Every structure is written in C-alpha cells, then in structure tokens.
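The structure under discussion appears below in the form of structure tokens.
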Amino acid sequence: MITKRRPSLRPRKVPQQSRAEHTVAAILEAAAAILETRGMEGLNTNLVAKRAGVSVGTLYQYFPNKDALVVALSLREQAAFYAEADCALHQPTGQSALKYLITVSVHQQLRRPALARALDFEEGRPAIARELGTSKAAFHELMQQILSRDDIPPQNNMEIATDDLLAILRAVVDAAGERGEVDRGALEERVGRALFGYLGICDRPPEKSRARHKRPA
C-alpha cells in the first residue's frame, strides 16, 4: 500500500542574502494584504507574486503553495508577538506580567484586525495547526511561567488553568476583533477582569465607586 505524502508547508529554502530576505518579506506582506481584503478564497500565488512585484517562479522558489504562505505569515506574526510578549517575564510581579501580556495580546489583535481574524481561522485547520504546534507551545509555556509567580494564587491544576486562561484570552480578544472594536483600553480592562477573576484576584473598586453604594446614616 502506498501512503500519499502530505505536501510540505515549510519554505523550500531560507533566504541567505539581504536581497532574498527583502523578496520574501515583500511576498509575505503581499499575502497579508490580500488576506486582509479578499480572505483565503481570494489568495492565490499568481496574485501574491504580482502584488509583491516578483515572478511566480521566484515565489515558488520559497513557497510551494498558498498554505505554505499562510504558515510563513502566521510564523511571522507570532514571532513579532512573542518578541514583545516575552518581555512580560521581566515584569516585577506575576500580576503585572499578566497585565503586560494582556496589553500585548490586545495590541496584536487590533493592530491589523482583518489579518488577525483571517489567520486565526486558518490556524484552526489541521494541516496548518500541525505546522504551528511548536510555536503555539511557546505561548503556553509563557503563561505557565507567569502563573508560577508568588503573587498569583496557586491553582489546583496548572495545566488546566493555563489552558483555560489562554482560551479565555483568545475568545474575548477574537470576539472583539470580530465586532470591529478599536478601543484597546476598554478591551484590556474586560480581558483583565476575566483572567484575574478566574485566578481569584479581585482589584479593589475605586473609592468613588464604593462611596456610591454606602447607605445613608
């Protein structure tokens, strides 16, 4: 019995010179712009090559198909996110680290919301998810390191708590992107309430808020 091999979604070659790096960057940005405006159905290698100002043959030197473009684009966006999110570990406390991570996550989603939504959908496809498994694990590890800080209440099951928090974070942020929200501050506040509430951490209400609930003498 002959087993059919899955087509590779990894780049065929890695650019070694600055000119080649510029070419790959132009191809990926062209793919990003098309995804933002036309979605996956409108994405094809001919259109990407034309928009990037390269030949289709040049594109195929690096990317065998449009799924490979999506994988590379997802990895590009994730690399930018993790470079920023990793700084959360330099925060003095677990709570400040979690707030920092929330800020970065909201910024990533609302910076280019149409692109983020398109990639979120494509990353759920099994073929794409397989290629991104290792990079997704990095986010899981980052959250676990934050939860291990002394000022974060201990959780009964660290693995489950980590998975839950990441699911809540993605769900709230993704939903905001779907609605077209642009107010980052308001979204960060809502995400913070959800995550901190899950952990059993409640911020004290402002004095004015508490004063309104006092009964008259």
Residues in region 152-198 that are within 20 Å of PHE139 (Cβ to Cβ) and among the small types (Gly, Ala, Ser) total 8
Please return the ranges of helices (runs of 4 or more DSSP H) entirely within region 100-217 where 1 or more residues are modelled with pLDDT of 95 or more and either within 12 Å of the chain's Cα centre (by Cα) or surrounded by 12 or more Cβ atoms within 10 Å (Cβ to Cβ) (or both).
126-147, 158-179, 184-198
Being basic (Lys, Arg) and in contact with a helix residue (DSSP H, G or I) (Cβ under 6 Å, 6 or more places away or on another chain): is that true of ARG117 here?
yes
One residue from ALA83, ALA97, ALA68, ALA79 being under 20 Å from LEU119 (Cα atoms), crowded, with 19+ Cβ neighbours inside 10 Å and either in contact with a Lys or Arg (Cβ under 6 Å, 6 or more places away or on another chain) or among the aliphatic types (A, V, I, L, M) (or both):
ALA68
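Go through region 46-68 and report how many residues are free of Cβ contacts under 8 Å to residues at least 40 places away in the same chain, part of a helix (DSSP H, G or I) and among the hydroxyl-bearing types (Ser, Thr, Tyr). Give the steps one after another, and end with the answer.
Initial filter on region 46-68 (free of Cβ contacts under 8 Å to residues at least 40 places away in the same chain): 46-59, 66.
Restricting the remaining residues to those that are part of a helix (DSSP H, G or I) gives 46-52, 56-59, 66.
Imposing the further condition that a residue be among the hydroxyl-bearing types (Ser, Thr, Tyr) reduces the set to 58.
Selection size over region 46-68: 1.
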Condition first: of a type in the set (Lys, Arg) and under 22 Å from LEU187 (Cβ atoms). Now tell me which residues in region 109-135 satisfy that.
ARG111, ARG112, ARG117
Among the residues of region 1-43, what is the count of those that are at pLDDT 60 or above, farther than 17 Å from ALA118 by Cα and among the polar types (S, T, N, Q)?
3
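One line per residue, one yes/no per condition, for (1) among the small types (Gly, Ala, Ser); (2) out of contact with any Phe, Trp or Tyr (no Cβ under 8 Å at 6 or more places or on another chain):
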{"position": "ALA31", "(1), (2)": "yes, yes"}
{"position": "ARG38", "(1), (2)": "no, yes"}
{"position": "ASN44", "(1), (2)": "no, yes"}
{"position": "GLY53", "(1), (2)": "yes, yes"}
{"position": "VAL56", "(1), (2)": "no, yes"}
{"position": "TYR62", "(1), (2)": "no, yes"}
{"position": "LYS66", "(1), (2)": "no, yes"}
{"position": "LEU69", "(1), (2)": "no, no"}
Going through (1) surrounded by 19 or more Cβ atoms within 10 Å (Cβ to Cβ); (2) touching a residue at least 60 places away in the same chain (Cβ under 8 Å); (3) β-branched (Val, Ile, Thr) one by one, THR37 fails only at (1)
Which one of these does GLU159 not meet: (1) in contact (Cβ under 8 Å) with a residue 40 or more places away in the chain; (2) acidic (Asp, Glu); (3) farther than 18 Å from LEU89 by Cα?
(1)
Pairs with Cβ under 7 Å, 6+ apart, first in region 116-145 and more than 12 Å from ASP67 (Cβ to Cβ), second of a type in the set (Ser, Thr, Tyr):
LEU119/SER74; ALA138/TYR82; HIS140/THR162; MET143/THR162; GLN144/THR162
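Restrict the check to region 32-40 and report whether at least one residue is farther than 20 Å from GLU123 by Cβ and touching a helix residue (DSSP H, G or I) at 6+ places or on another chain (Cβ under 8 Å).
No, region 32-40 has no match at all.
Consider ARG51 carefully, then state whether it is closer than 26 Å to GLN108 by Cβ, in contact with a Leu (Cβ under 9 Å, 6 or more places away or on another chain) and of a type outside the set (A, V, I, L, M). Talk me through it step by step, then tell me what you get.
On the way: closer than 26 Å to GLN108 by Cβ: yes; in contact with a Leu (Cβ under 9 Å, 6 or more places away or on another chain): no; of a type outside the set (A, V, I, L, M): yes.
The answer is no for ARG51.
The values are calculated or read from the model by the stated rules, or taken from the named source; none is laboratory data. What you see is a predicted model, and the numbers here were worked out from it, not measured in a lab. Every residue, glycine as well, gets a Cβ built from its backbone with ideal geometry; the counts of neighbours run over all protein chains shown.
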